[in-house]
Amino acid sequence: MKRSVFLTVPLVLAAAAAKAGTPAKVGVLLPLSGNAAAAGQAAKAAVELAVEIAGTSHPELRGLAGVNAAQIDAVYADHRGDPSQAQSDALRLITKEKVSALLGAYQSSCTFAATAIAERYGIPFVVGDSVASDITGRGFKMIFRLTPVASNFADTYMRFFVDMRSLGIEVRSLAIVNENTDYGTSVGDSLEAAAKTYGFAVATRIPYSAGAADVTPQVLQLKAKRPDTVVCISYSADSILYMKTLKKVGYLPPMIIGDDSGFSDPSFIPAVGSIAQGVMNRSAWSIGKLNSNTYEINQMYRAKTGRDLDDTSARDMEAMLALADAIGRAGSDQPAKIQASLRATNLRPDQLMIGYRGVRFDSTGQNELASTYLTQLQGNDYRAVWPRSSAVTALQWPMRGWS
């Protein structure tokens, strides 16, 4: 059944015009507390850095879109991973804070709810991270999503499995483990459909309640089916719990692919890196070579937070930089002008700090140049391993886990 947002409001409420030269106000919705707080706080730090870069000159960031493009006043809201709270936060930011644009909101269910409010009020909403397919495709005109989505990920995994055959690695069956909110269900559905198209057997699909306290039954199901690969679509606490439970049960699949999210969370490697060696993860972010734009940005982020950028926070940072670029080109804080500028966006790969093929939005607001690659946890870091043309190190198969 299609979901709807029940709220009696005027259809359009433009943000108040700011005085010339004053910052454009942007509302940022993230989970700053709750189960995904670590990811939300990391993304907030990345967005803060993007705002600083957008408002000042950085000659060391050569050709990067968004640098010194616009003065932005970011207003943050903590939705705690609750879609109802995200809806309320979006409404407050629009009607009380008078924001000119919105950005967020990590969990797809929260983004789905918040974007409906933005559309109703005529406020541009830039999505940097949420991947559920139904966020776009609703006929909305104010929603712009940079990140690759569920169907892109599913196709990436299938092409990876096909390519492994040339290395003598046969993947005949896979298991899909997904949390059962919008994010996990959307990616799981796309993955199941892609497996059928490519001729891979789905040994089992295991939906589970996000934030579950015990996943022993799910791990025992995996152990009974013994798939060649397990794809886990999980948030932060869940991904850590699965790795600990696998070790407790004494079962390690040949390979586990984490679908970003919890596996990119800053808490994942410190919590279970020693028992998750070789786990794979999709990512569009790489620190890159010395003196590259990505290297310089990571140095700035490390100075600010004491850690490296992860994929999710990097995608949110790119979203804010793209929004800043659009605001600068619009020359205005008026939502309609920012929306028109976003619609006209056409950024090249060398203008980005993340590994997309560019940023250009289709009629639904989806970035049609979004892309991703696969990384593997080797030691204390994820390293790019596929496509082989982009690899910085060789793939290790099977994964070591805790051995």
For this session: Tell me what the chain gives for mean residue ellipticity at 222 nm when only DSSP H runs of n ≥ 4 count, each as -39,500 (n - 2.57), the sum divided by the residue total, rounded to 500 deg cm²/dmol.
Result: -12000 deg cm²/dmol
Problem set entry | Interchain or long-range residues, amide H under 5 Å from A201's placed H | L174
Exercise. What net charge is computed for the residues neighbouring Q218, neighbours being all others with C-beta under 14 Å from the C-beta of Q218, Lys and Arg scored +1, Asp and Glu -1?
Worked result: +2
Seminar exercise, completed: Loop-resident trypsin sites (Lys or Arg not before Pro) in the stretch 159-222 with no more than 15 other Cβ atoms inside 10 Å, DSSP not H/G/I/E/B, are R172
For this session: Note the listed values (i) 79, 60, 41; (ii) 64, 49, 36; (iii) 64, 49, 43, then indicate which one is Cα extents along the principal axes in Å calculated from this particular structure.
Result: (ii)
Problem set entry | Computed label-point distance, nm, for sites K304 and S166 using a 7 Å Cα→Cβ extension | 3.9
Seminar exercise, completed: For the chain, longest principal axis from Cα atoms; helix 83-95 axis from its Cα atoms; angle between them, nearest 10 degrees, is 20
Problem set entry | Overall Cα dimensions of the stretch 165-238, principal axis frame, Å, largest first | 39, 24, 18
Exercise. Which value, in Å to one decimal place, does the Kirkwood hydrodynamic radius take for the stretch 250-377 when every pair of different Cα atoms is included?
Worked result: 16.4
Exercise. Using Cα pairs under 8 angstrom and six or more residues apart, how large is the relative contact order of the stretch 337-382, in percent?
Worked result: 25
Problem set entry | Nearest 10 degrees, 0 to 90: helix 293-305 Cα axis against the chain principal axis | 90
Exercise. How many angstrom separate the Cα center of the stretch 43-98 from the Cα center of the stretch 157-184?
Worked result: 35
Exercise. Most fluctuating residue of G262, G66, G211 in a GNM of the chain with Cα springs under 10 Å: which is it?
Worked result: G211
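Can you check what the net charge comes to around Y208, using other residues whose Cβ is under 11 Å from the Cβ of Y208 (Lys, Arg +1; Asp, Glu -1)?
My count for the surroundings of Y208 gives -2.
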Problem set entry | Rounded tilt (10° steps) of 150-164 against the dominant C-alpha axis of the chain | 40
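Each reported figure results from applying straightforward, stated rules to the coordinates on display, with no laboratory input. All values reported here derive from a predicted model rather than from experimental measurement. Neighbour counts run over all protein chains shown; Cβ positions are idealised from the backbone, glycine included.
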